[in-house]
Amino acid sequence: MKIIVTGSLGNISKPLATELVQQGHAVTVISSQPDRQAAIEALGATAAIGSFEDADFLAATFAGADALYAMIGGGHREADSRAYFQRIGQHYAQAIQQAGVRRVVHLSSWGAHRDHGTGGILGSHDAEEILAAVPGLALTHLRPTSFFTNYYGFVGMIKNAGFLGANCAGNYRVALVHPRDIAAAAAEELTNPAAPAGRTIRYVASDERTQDEVAQALGAAIGRPDLRWVGFTDEQMRDNLLQNGLPASTAADIVDIYASMTNGTLAEDYEQHKPTLGKVKLEDFAKEFAAAFKGGE
């Protein structure tokens, strides 16, 4: 199969491209960074260097493809992330129709079933709707849960304050996912010859643990057995993000995501359609976290 992988050499796209190449597929990896070309080619894939803001470039790259893995990255760097997701989603839709692609696996997010109240995830909801309106697609929305790798963002807090936390209760059980498990699910979907026409949803999760359990596991791995999770109010969370230099819109998006965890709206559809959990568990990720944490010291 000729398969297009977006996301350059990111945490999901690199293992996905590697797996697909090893299976014998002709893989093209799209990246906006010319300096990634050699590394992409070293995987055995073809590099397509260009911008997701260029629908004609996307259409030319998609031409003749049997399947497309479509993700939208970089929204956190935009002043209006929802508008960014809508714009790139439209570029995808235009290019997919122009190139005649019939199989698309779209990286979305849990919580994307809602059109309000989930902050930065609202862009994924909009992208789902835009792609679902493309006629003739066999479209799968992958909805991963909260990424284990998000905890890397707490390294500074752990080192400076001695704890980690957000506006989410410590006893809240959260579904967590590792990028490798997402890549495995994406590879399975992209190469499925029996993918049905129309729109399907697939949730992806690796483990389900409370934030207190996460803090305990990470603390044990980094040699800080007293590490604990601290629940903030929405206001405390917002003020902390602003003090750390985040734009007000980005801070509001993050606060809303964690608030939707606590009030249950983020996971309400996931709870009705739970997948078989993937291979990577909290204790596995804790080892990766410890290596990164200690490497920065």
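What to note about this one:
- Picking from residues in segment 124-168 that are of a type in the set (Gly, Ala, Ser) and surrounded by fewer than 17 Cβ atoms within 10 Å (Cβ to Cβ), the one that is farthest from LEU282 (Cα to Cα) is GLY136.
- Residue count, segment 241-297 (criterion: part of a helix (DSSP H, G or I), β-branched (Val, Ile, Thr) and within 19 Å of TRP110 (Cβ to Cβ)): 4
- Single residue of segment 222-238 satisfying the filter (part of a loop (DSSP other than H, G, I, E, B) and charged (D, E, K, R)) that is surrounded by the fewest Cβ atoms within 10 Å (Cβ to Cβ): ASP226
- Residue that is surrounded by the most Cβ atoms within 10 Å (Cβ to Cβ), among those in segment 105-123 that are among the aliphatic types (A, V, I, L, M) and part of a strand (DSSP E or B): VAL105
- Scanning segment 74-102 for residues that are within 28 Å of GLY64 (Cα to Cα), of a type in the set (A, V, I, L, M, F, W, C) and surrounded by fewer than 20 Cβ atoms within 10 Å (Cβ to Cβ) turns up just one, ALA99.
- The set of residues in segment 124-155 that are within 18 Å of HIS178 (Cα to Cα), touching a strand residue (DSSP E or B) at 6+ places or on another chain (Cβ under 7 Å) and in a helix (DSSP H, G or I) comprises PHE148, PHE154.
- Scope segment 37-79; condition more than 30 Å from LEU246 (Cβ to Cβ) and either in contact (Cβ under 8 Å) with a residue 60 or more places away in the chain or outside the structural domain of VAL105 (by TED's automatic domain parsing) (or both); matching residues: GLY64, ALA65, ASP66, ALA67, LEU68
- A single entry from GLY165, GLY170 fulfils the requirement of being under 24 Å from THR265 (Cα atoms) and either assigned by TED's automatic domain parsing to the domain that holds VAL101 or part of a loop (DSSP other than H, G, I, E, B) (or both): GLY170.
- The set of residues from segment 263-275 being over 18 Å from the mean Cα position of the chain (by Cα) and either among the hydroxyl-bearing types (Ser, Thr, Tyr) or buried (at least 17 other Cβ atoms within 10 Å of the Cβ) (or both) comprises just one member, THR265.
- Among the residues of segment 20-33, those identified as touching a residue at least 24 places away in the same chain (Cβ under 8 Å) and part of a helix (DSSP H, G or I) are LEU20, VAL21.
- Each residue in segment 1-14 was checked for being assigned to a loop (DSSP other than H, G, I, E, B) and either closer than 20 Å to VAL104 by Cβ or in contact (Cβ under 8 Å) with a residue 40 or more places away in the chain (or both), and 7 pass.
- Unique residue being part of a loop (DSSP other than H, G, I, E, B), at pLDDT 95 or above and aliphatic (A, V, I, L, M) when the list is ALA17, ALA38, ALA65: ALA65
- Top-ranked residue of segment 139-148 - restricted to ones that are hydroxyl-bearing (Ser, Thr, Tyr) and within 10 Å of the chain's Cα centre (by Cα), ranked as farthest from HIS113 (Cα to Cα): SER146
The values are calculated or read from the model by the stated rules, or taken from the named source; none is laboratory data. Predicted model, so just to flag it, every value in this text is computed and none were measured. Heads up, the Cβs are rebuilt from the backbone with ideal geometry, glycines too, and the neighbour counts pull from every protein chain shown.
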